[in-house]
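Participant: Got a structure for you, written out below as structure tokens; questions coming shortly.
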Amino acid sequence: MTLAPGTRVKVRDDWPETRGPCHIRTPHYLRGETGTVVRHLGDFPNPEDLAFARPAARLPLYHVRFALPAIWPEPHAGDEILAEVFGPWLEEA
Amino acid sequence: MEHDLPPEDRPHAMHDIGGVSRFMCEPVDPSPHTLTAFDREVDAIRQILGMKQVMSVDELRRGIEALPEADYHRLSYYQRWMLSITGTLVAKGVFTEAELAAALRDA
């Protein structure tokens, strides 16, 4: 299932770094944060598997917009973050 | 949960430094960097390894992220690449540590 633009999503508050070697493309400062899907960018092989030369499933990649004040210190009004996040890291909020 | 912790205290990887105040307080040099012959050679080697499907850019990144933290901050951008490439190729059995050491000695 592909998430539609405008869908409110929460980034999983998950920390694979604490469980052993990994390659994670979801920045720490977005984990557990809620944002809005801007668009589906396409489907791409999972870098978490490619990084270990494992067979990699194609996963949907999204542009997700986050209001900056919730995430970054010293924000300016209207600041936001636009990040690329793979589907398995997102749950509907 | 971890996301309620200040950025410094989250169990983030060393390269995942967005919002970590230790780095926000350091000046950033935005001037263009001149590529050295070493930089160009390392970049070319990585491209050939990718084209020949020996090693992907994702493996390169993982290798960089696995460097000892002191080395990561001390080394140049392409020095990190070189250590990731040699470490990955040794781990994949493309050549051995001994062969690498011998090649460096003869270089």
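Participant: Pick from A:THR26, A:THR2: which is touching a residue at least 40 places away in the same chain (Cβ under 8 Å) and within 13 Å of chain B (Cβ to nearest Cβ)? Even if it seems obvious, please write down each step before you answer.
Facilitator: Values: A:THR2 fails: within 13 Å of chain B (Cβ to nearest Cβ).
Of the residues listed, the single one that is touching a residue at least 40 places away in the same chain (Cβ under 8 Å) and within 13 Å of chain B (Cβ to nearest Cβ) is A:THR26.
Participant: Follow-up question, since we're still on this one. Restricting attention to segment A:35-43, does a residue exist that is in a loop (DSSP other than H, G, I, E, B) and away from chain B (no Cβ under 14 Å)?
Facilitator: No, segment A:35-43 contains no residue that is in a loop (DSSP other than H, G, I, E, B) and away from chain B (no Cβ under 14 Å).
Participant: Take the residues in segment B:60-107 that are in a loop (DSSP other than H, G, I, E, B) and in contact with a Gly (Cβ under 9 Å, 6 or more places away or on another chain), then tell me which one is nearest to B:PHE38 (Cα to Cα). I'd like the intermediate steps shown before the answer.
Facilitator: Step one: list which residues in segment B:60-107 are in a loop (DSSP other than H, G, I, E, B), which gives B:66-68, B:75-76, B:92-96, B:107.
If we keep only those that are in contact with a Gly (Cβ under 9 Å, 6 or more places away or on another chain) too, we end up with B:66-67.
Working: B:ALA66: 22, B:LEU67: 20 Å.
Only one residue tops the list, namely B:LEU67.
Participant: Given the options B:GLY50, B:GLY63, name the one that is more than 9 Å from chain A (Cβ to nearest Cβ) and small (Gly, Ala, Ser).
Facilitator: Just one listed residue meets the conditions, B:GLY50.
Participant: How many residues does segment A:1-22 hold that are of a type outside the set (Asp, Glu), at pLDDT below 95 and in contact with a helix residue (DSSP H, G or I) (Cβ under 7 Å, 6 or more places away or on another chain)?
Facilitator: Keep residues of segment A:1-22 that are of a type outside the set (Asp, Glu), which gives A:1-12, A:15-16, A:18-22.
Retained after the next criterion (residues that are at pLDDT below 95): A:1-2, A:15-16, A:18-22.
Applying the additional criterion that residues be in contact with a helix residue (DSSP H, G or I) (Cβ under 7 Å, 6 or more places away or on another chain) yields A:15, A:22.
Total meeting the criteria: 2.
Participant: Follow-up. Report the residue count in segment A:54-75 for those that are modelled with pLDDT of 95 or more and within 12 Å of another protein chain (Cβ to nearest Cβ). Spell out the reasoning first.
Facilitator: So the first thing to find is which residues in segment A:54-75 are modelled with pLDDT of 95 or more, and the list is A:54-65.
In the following step, the residues that additionally are within 12 Å of another protein chain (Cβ to nearest Cβ) were identified as A:54, A:56.
The number of residues fulfilling the criteria is 2.
Participant: Shifting gears a bit: For B:ARG10, are the conditions met, namely being over 19 Å from the mean Cα position of the chain (by Cα), within 24 Å of A:ALA83 (Cα to Cα) and surrounded by 12 or more Cβ atoms within 10 Å (Cβ to Cβ)?
Facilitator: The answer is yes for B:ARG10.
Participant: Evaluate the following for B:GLU41: is it more than 14 Å from every other protein chain (Cβ to nearest Cβ) and either under 16 Å from the mean Cα position of the chain (by Cα) or over 30 Å from A:TRP72 (Cβ atoms) (or both)?
Facilitator: Considered against the rule, which asks whether it is more than 14 Å from every other protein chain (Cβ to nearest Cβ) and either under 16 Å from the mean Cα position of the chain (by Cα) or over 30 Å from A:TRP72 (Cβ atoms) (or both), B:GLU41 comes out as yes.
Participant: Let me ask something else. How many residues does segment B:5-24 hold that are over 16 Å from B:ARG62 (Cα atoms), within 7 Å of another protein chain (Cβ to nearest Cβ) and among the small types (Gly, Ala, Ser)? Step through it out loud before you land on a result.
Facilitator: Of segment B:5-24, the ones over 16 Å from B:ARG62 (Cα atoms) are B:5-11, B:18-24.
Adding the requirement that they be within 7 Å of another protein chain (Cβ to nearest Cβ) leaves B:7, B:10-11, B:18-19.
From what is left, the residues that are among the small types (Gly, Ala, Ser) are B:18-19.
Of the residues in segment B:5-24, 2 are over 16 Å from B:ARG62 (Cα atoms), within 7 Å of another protein chain (Cβ to nearest Cβ) and among the small types (Gly, Ala, Ser).
Participant: While we're here: With respect to A:ARG19, is the statement that it is more than 9 Å from chain B (Cβ to nearest Cβ) and closer than 28 Å to B:SER84 by Cβ true? Before the answer, list the steps.
Facilitator: Details: more than 9 Å from chain B (Cβ to nearest Cβ): yes; closer than 28 Å to B:SER84 by Cβ: yes.
The answer is yes for A:ARG19.
Participant: Does A:ARG31 satisfy being basic (Lys, Arg) and surrounded by fewer than 19 Cβ atoms within 10 Å (Cβ to Cβ)?
Facilitator: no
Participant: Looking at A:ASP14, is it within 14 Å of chain B (Cβ to nearest Cβ), under 23 Å from B:ALA66 (Cβ atoms) and without any contact (Cβ under 8 Å) to a residue 12 or more places away in the chain?
Facilitator: No; evaluated as a whole, the condition is false for this residue.
Participant: Another one. So, in segment A:44-53, of the ones that are assigned to a loop (DSSP other than H, G, I, E, B) and touching a residue at least 24 places away in the same chain (Cβ under 8 Å), which residue ends up farthest from the other protein chains (Cβ to nearest Cβ)? Before you say what the answer is, go through the steps one by one.
Facilitator: Here is the first cut: in segment A:44-53, the residues assigned to a loop (DSSP other than H, G, I, E, B) are A:46, A:51-53.
The next check asks that each one be touching a residue at least 24 places away in the same chain (Cβ under 8 Å); those that pass are A:46, A:51-52.
Values: A:ASN46: 9, A:ALA51: 4, A:PHE52: 7 Å.
Within segment A:44-53, the match that is farthest from the other protein chains (Cβ to nearest Cβ) is A:ASN46.
The values are calculated or read from the model by the stated rules, or taken from the named source; none is laboratory data. Because the structure is a prediction, the values reported are computed rather than measured. Neighbour counts run over all protein chains shown; Cβ positions are idealised from the backbone, glycine included.
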